[in-house]
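A.B. asks: Take a look at the following structure, please.
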Amino acid sequence: MTVQEEAKWCIQRDGMLAEIRKKLKRGTATYEDTAAYSARAGKMIGALLSRRLPEIPTEEREQLCVELLHDQYIDINAAVDAAQCQMDKMLGIQIAPQHAQFNSDRAHQIGRSTADPTVSEETQKRRARSATETATKAMHDDRMKSEAKFRSRAGLKCYITRKAVNGCCPWCTAMAGRYEYGEEPDDVYRRHDNCDCTVTFENGRKRQDVWSKREWEAPEPGAGAGEPVVLTKEQAAKLQAEKGLTKDSEHDIIKEKGMYRRTANTGPFEHLPERMSKKHIRELARKYDVNISGLILNIDFNDELLRFDLAGEAVPEHIGKITFFPNAFRSEEELIRTLVHERVHVEQYRKHGA
């Protein structure tokens, strides 16, 4: 049995990991459980690699170490994905997983340290055990940091919690605590060999407008959303007149307090392809680091212009839905502004219900 095969076999048969997998399947697991999963798996992989290190040729140790750690990277992220999906569902939010990048440099460095000819075999074995264990735990820490960063930028108030175990060192004891994301100490994600601290994040009960920084309490799922206000065309026209909004039919624009807004998008593309796809739109959103969770992207390849009147009905089912026509946008920046604009509407609807 190869080292990798034995590693998979041990993880599959371990009782503690099996219990956590059951909780993940039932939808009751938390980040505390996934942190415990990474810690337990790290201890097992480190002990296994240390025990079998003498039989592994020195020229193969670095690559083997990288492969073992990458297998754990996949396994840990899968566990966090399952727990996060259920917890987000209970909070009434839907945000795509934000995997931290696999730390290939760290994995290669650990592998090289286990083949260092300047140290004894016992030192090599100790490095294989402790460094592998620490690196596996750090994968979970990196994922927590990545999730908190993304959600904080999306407007959710997040907290980082570091818990120290009994009997830990003074440094870990001083670092333990609960911090609002962005205000945590720089070293809160760091750990030393044989460190059993856990680092997790949580969505706070407050949401924050990413521009004004104004905060409000997040309602319980399904609460706080009143009946949406639906206007008839006559009511919408009256409201439009009261607000001082006028439409210049000659130039096909809407005038609002001295500012003009087009009611039809015309003109050739400058940067975007004529046949856009949802995949391309999502890639642009990632490029500009724009959160598009909650948006529904539709593609319409007919030849009609994208025309709309300001007067209309506030239909809840339409909030967050964007239909892209072939000539809807003339640049990446214009498209991104629209995505951000519609994303704000989604948050407004979640807050006010209309």
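A.B. asks: Calculated FRET efficiency, E122 and H70, Cβ-Cβ r, R0 25 Å, to nearest 0.05?
C.D. replies: For R0 = 25 Å, the calculated efficiency reads 0.40.
A.B. asks: What distance in nm separates the two pseudo spin-label positions at M1 and S146, each 7 Å out from Cα along the beta-carbon direction?
C.D. replies: With each label point 7 Å from Cα toward Cβ, the separation is 3.0 nm.
A.B. asks: Continuing with this model, one more query. Among V119, M87, C65, flag the residue with its Cα farthest along the positive direction of the charge dipole of the range 51-121, charges on Cβ as +1 for Lys/Arg and -1 for Asp/Glu.
C.D. replies: Farthest towards the positive pole: M87.
A.B. asks: Using a 1.4 Å probe on the protein heavy atoms only, what accessible surface does L156 show? Give it in Å² to the nearest 10.
C.D. replies: Around 20 Å² of this residue is reachable by solvent.
A.B. asks: Report the accessible area of V165, computed with a 1.4 Å probe over the heavy atoms of all protein chains in place, in Å² rounded to the nearest 10.
C.D. replies: Roll a 1.4 Å probe over it and V165 shows about 60 Å².
A.B. asks: At R0 = 35 Å, how high is the FRET efficiency between A174 and M90 if r is their beta carbon distance? Nearest 0.05 is fine.
C.D. replies: E(calc), rounded to 0.05, equals 0.55.
A.B. asks: How large, in percent, is the carbon and sulfur part of the accessible surface of the range 1-58 at a probe radius of 1.4 Å?
C.D. replies: C and S fraction of accessible area: 54 percent.
A.B. asks: I'd like the Karplus ³J(HN,Hα) series for the range 334-344: coefficients 6.51, -1.76, 1.60, θ = phi - 60°, whole numbers in Hz, and an x wherever there's a Gly or Pro.
C.D. replies: Running phi through 6.51 cos²θ - 1.76 cosθ + 1.60 with θ = phi - 60° gives 5, 5, 4, 4, 5, 4, 4, 4, 5, 5, 5 Hz.
A.B. asks: Continuing with the same structure: With a Förster radius of 51 Å, plug the Cβ-Cβ distance of Q109 and I296 into 1/(1 + (r/R0)^6) and report the FRET value to the nearest 0.05.
C.D. replies: Efficiency, rounded to the nearest 0.05: 0.70.
A.B. asks: Accessible area of E59, 1.4 Å probe, to the nearest 10 Å²?
C.D. replies: Here the accessible area works out near 140 Å².
A.B. asks: Let me ask you something else. At a 1.4 Å probe radius, which order do H99, H140, H108 fall into by accessible area, largest first?
C.D. replies: The most accessible residue leads, giving H99, H108, H140.
A.B. asks: May I pose another question? Any idea how far apart D289 and R26 come out in nm if each label point goes 7 Å out from Cα toward Cβ?
C.D. replies: So the label points at D289 and R26 sit 4.0 nm apart.
A.B. asks: Given the pairs K278/K321; K8/K149; K43/K137; K89/K157; K89/K287, which span a C-alpha to C-alpha distance of over 20 angstrom in this model?
C.D. replies: Going by Cα-Cα distance, K8/K149; K89/K287 fall outside the 20 Å limit.
The values are calculated or read from the model by the stated rules, or taken from the named source; none is laboratory data. Worth saying up front: this structure is predicted, and the values here are computed from it rather than measured. No Cβ is skipped: glycine too gets one built from the backbone with ideal geometry, and neighbour counts run over all protein chains shown. Areas reflect the complete protein model, heavy atoms only, side chains present, ligands, DNA and RNA absent. Shrake-Rupley method; radii C 1.70, N 1.55, O 1.52, S 1.80 Å.
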